[in-house]
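Here's the structure we're looking at; comments come further down.
None of the figures in this text is laboratory data; all of them are computed from the coordinates on show. Here the structure is a predicted model, which is why all the values come from computation and not from measurement. Quick reminder, even Gly has a Cβ in these numbers, built from the backbone with ideal geometry, and neighbours come from all protein chains shown.
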Amino acid sequence: MANAATRRFMALFPECDAPQPANSFRLIFHPRGLRPFIRNWEELAARMIQRLQREAAANAADKRTAALLEELLGYPGVSSRWRTPDLDRPPTPLLPICYQRDDQVYSFFSTITTFGTPQDITLQELRIECFFPADETTRAAITRLK
């Protein structure tokens, strides 16, 4: 699911054609998704894979997470070294992401909220991702989006 701000931002990338069902992982990893527009793709992708590996390890019965992880690791250009989980590296609370469209650079940091002790399977699967502009140039540029 995406809010209106996300839809306005995604309109900057009309050629984005990630497989369905679209989610932030597919949009970032798929070669026809946002990947060509992400300046820090290697760093971002490595950290996202680590996050997904942690989620898969924490809930081995969750076959969908494991399947998504395998799907992402199978995309072209995804490093084979990412197949080995690095669960000793602590997760970071913020994830920097830098997009470039023509001459415009959009720098954000992202946070993901999860429910630590859900009592309902629906809440266990819920992830709320929030993007914040990382600089004044990005804030001004996204404020102008209609």
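Overview of results
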{"quantity": "Amide H within-cut-off set for GLY33, under 5 Å, with H built and near neighbours excluded", "calculated": "ASP17"}
{"quantity": "Contour excess over end-to-end distance, with Cα ends at ARG83 and ILE112 and 0.36 nm allotted per residue", "calculated": "8.2 nm"}
{"quantity": "Gain in span if fully extended, GLN20 to GLU42, counting 0.36 nm per residue against the direct Cα distance", "calculated": "5.6 nm"}
{"quantity": "Relative contact order [Cα under 8 Å, 6+ residues apart], region 16-146, whole percent", "calculated": "18 percent"}
{"quantity": "Computed [θ] at 222 nm, helices only, for the chain once each DSSP H run of length n ≥ 4 contributes -39500 (n - 2.57)", "calculated": "-10500 deg cm²/dmol"}
{"quantity": "Most mobile of LEU12, LEU72, LEU27 in a GNM of the chain (Cα contacts under 10 Å)", "calculated": "LEU12"}
{"quantity": "Label point distance in nm, ASP102-GLU71, each placed 7 Å from Cα along Cα→Cβ", "calculated": "3.2 nm"}
{"quantity": "Highest to lowest packing among 88-96, 133-141, scored as the average C-beta count within 10 Å", "calculated": "133-141, 88-96"}
